[in-house]
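Following: one structure in structure tokens, then a few remarks.
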Amino acid sequence: MTTPFRVQEQYKLWLNDPAIDDSTKAELASITDQPKEIEDRFYRDLEFGTGGLRGVIGAGTNRINLYTVARATQGLAQYVNKQGKPSPSVVIAYDSRNQSPEFALEAAKVLAGNGIKAYVFESLRPTPELSFSVRALQADAGIVVTASHNPPEYNGYKVYGQDGGQLVPDQAEQVIAEIQKVQAFADVRRDTRAHAESQGLLQWIGQELDEQYIQAVVSVSLHSDIVKRMSDDFRIVYTPLHGAGNKSVRAALHAIGFEQVEVVAEQELPDAKFSTVKSPNPEEKDAFALAIRQAKQIDADIIIGTDPDCDRMGAVVKDANGEYFVLTGNQSGAIMVDYLLGSLQKRGTLPANGVVIKTIVTSEMGAVVAQHYGIETLNTLTGFKYIGEKMTQFEATKEAQFLFGYEESYGYLAGTYARDKDAVIAAMLICEAAAYYKHKGQSLYEALQDLYRRHGYFLEQLESRTMKGKDGVEQIQAIMDDWRSKPPVDVNGQRVVKVEDFLQGLYGLPVENVLKYTLADHSWFCLRPSGTEPKIKVYFAVRGTSAQTATDAIHGLVHAVMSRVDQ
């Protein structure tokens, strides 16, 4: 991190560095009389976390730009070359955000400058296809240029290992060590596009990988026969929210037999401004406003939406009153767990050593459903990289068979063709489940209510507080320090029976700044600084005997905890 007294020094270095272009210098010169803006841009290097970089687009060390991308790629190239493998290669994909193609090409040129072949998709692709392609091409690493569902001013750079999963901490630390060796932009080795292409170090890829990827997704389908029978009477409205999912989601749905699929025209095409939504996030009901309007016109059975890089999927179904109801990530996950395991059990193909994997902030409902089928559920830290890591471990040891992985933040994966959450397969499975239940005379909402009646009324809530800039980082840490140093004895009238501080490296998991408190009635809450946004997130979960008791319990819990967080 750049210390405060070095902010001006770093600022002047960028202004005078001959390796930096004139337009970037002009941008920096325009803020000469804005000390707070200079501080925010230069008080630290943009952090390369376990998933890579994510930040506001702009000039400066604490921004994402061609130079911070090039520096990160130089470090990655050094890491890849240190592995000593002949003819190393890296796959690169990108989404619809501002400068995504430019950042992808810059990364490719730096890789080529280091003698590493870059396979680059010729246009935007879903993040999970990148994960699949790293495995299919037997590459040594992967890069996705995306900021997921962050606001339009952001972009990011995620790095994947040779198993197709995002880098886990020990791998990330090695890459970070290499990045830190790159002290000046002049130390970055880059090739030209033309020369890299002529030497075979830059290869553009597309349709062939697309077809293989969709085949892998479709191979997980369980009831395409029922889908085909229901195809004339089952209507889907889909919104890609201006992102990378449009072609892939529609291809997967069509491949298993869905014919009545309407796309929200206003949100179909890529748009870096995400002009029709406040946030391109399928976790937000507002993001579905246009889709719900269209669904009402055709009486759609289900609405699905995917985020800009198509690794998160949200679903909307009709409730008991015929109103469109946005499923939470926990609800969709529990439905898919029940649908998958129930279908496999009926076929007689449910493996005895099968496992479901979820994160520590994800509802226990899916685990209870899995237990009903005799299937174990494992918990990982937040981040699909940890689910992918367990999948790779199981693949090597054969100790368990991965069936489904998910997290409350709308990330899901079934099948072993990839190592990251996949909105394409999630969209396919939730629609297939809805068609399956409709064939049985039941809506997806009714199927969810059945799960509640059988397993208890699980209810979850997420509260977050945005705290931007250097001051925000300090505020978030102060909140975590307060709860860590003064843990509560009781909350909302319930005794705290368990405190889990994941900075202590619990259960063999990596160290992470997360606190989880479990109460006597089995409700729990968890405090966690976001790894991708300037936010602190607080997760809540309760289990009631009815919808009303669960609602009352979570309202009281949220009020008690957030009153202290907001002090």
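Just so you know, all these numbers are worked out from the coordinates, no wet-lab data involved. Note that the structure is predicted; figures quoted are calculated from it, not measured. Virtual Cβ from ideal backbone geometry, glycine too; neighbours counted across all protein chains shown.
So here's what we get for this one:
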quantity	calculated
Fraction of antiparallel bridges per DSSP, the chain only, in percent to nearest 5	60
Among 391-398, 279-286, 325-332, the order from most to least packed when residues are scored by Cβ within 10 Å on average	325-332, 279-286, 391-398
Environment charge of LYS25, counting only residues whose C-beta is closer than 15 Å and scoring Lys/Arg +1, Asp/Glu -1	-1
J(HN,Hα) series, segment 350-365, from Karplus relation 6.51 cos²θ - 1.76 cosθ + 1.60, nearest Hz, glycine and proline x	7, x, 5, 9, x, 9, 10, 10, 9, 9, 5, 9, 8, 3, 7, 4
Residue exposure sequence - TRP204, TRP483 - by fewest surrounding Cβ within 10 Å	TRP204, TRP483
Equivalent ellipsoid, the chain (semi-axes from 5 times Cα gyration tensor eigenvalues, Å)	38, 29, 23
Sorted peptide list for 32-38, 498-504, criterion being average Cβ within 10 angstrom, highest first	498-504, 32-38
Where only C-alpha atoms are counted, convex hull volume of segment 334-409 per residue in Å³	73
Burial order of peptide ranges 519-525, 183-189 (average beta-carbon count within 10 Å, highest first)	519-525, 183-189
Summed residue charge, Cβ within 13 Å of PHE404's Cβ, Lys/Arg positive, Asp/Glu negative	-1
Which of TYR410, THR192, GLN207, positive extreme of dipole for the chain (C-beta unit charges)	TYR410
Under 17 Å from LYS228, Cα to Cα: lysines that are on another chain or at least 8 residues apart	LYS438, LYS440
Compactness index (Cα Rg / 2.2 N^0.38 Å), segment 227-455	0.97
Calculated P(r) tail over 12 Å for segment 114-168, as whole % of Cα pairs	65
Ranked list, fewest to most other Cβ atoms within 10 Å of each Cβ, for GLU399, GLU129, GLU178	GLU399, GLU178, GLU129
Antiparallel %, DSSP beta bridges [both residues in segment 227-455], to 5	40
Semi-axes of the equivalent ellipsoid for segment 158-279, Cα gyration tensor, largest first, Å	39, 20, 17
The chain: relative contact order in percent, alpha carbon pairs under 8 Å with at least 6 residues between	11
Under Karplus coefficients 6.51, -1.76 and 1.60, residue-wise ³J(HN,Hα) of segment 210-227 in Hz, glycine/proline x	4, 5, 5, 5, 5, 4, 5, 5, 5, 5, 8, 4, 10, 9, 5, 5, 5, 4
Partners for LYS421 among lysines (Cα-Cα distance below 19 Å; same-chain residues under 8 apart left out)	LYS158, LYS247, LYS358, LYS385, LYS390
Order of ARG63, ARG193 - criterion: other Cβ atoms within 10 Å of each residue's Cβ, fewest first	ARG193, ARG63
Summed residue charge, Cβ within 14 Å of ALA77's Cβ, Lys/Arg positive, Asp/Glu negative	+3
Distance between modelled label sites at GLN8 and GLU102, nm, 7 Å Cα→Cβ extension	3.0
Relative contact order (%) - criterion: Cα under 8 Å, at least six apart; region: segment 227-455	21
Binned Cα-Cα distance frequencies in segment 128-199 - 10 Å width, integer %	16, 33, 43, 8
Whole-Å distance, taken between Cα centres, linking segment 345-395 and segment 180-257	25
Of every Cα-Cα pair in segment 422-567, the percent that sits beyond 22 Å	53
Taking N as its residue count, the alpha carbon Rg of segment 45-211 over 2.2 N^0.38 Å	0.92
Rounded to 5, percent antiparallel among DSSP beta bridges of segment 457-565	100
Square roots of five times the Cα gyration tensor eigenvalues for segment 488-536, Å	22, 15, 7
Stokes-Einstein D (µm²/s) once Rh is taken as the Kirkwood radius of segment 1-132 over alpha-carbon pairs, at 37 °C in 0.692 mPa s	204
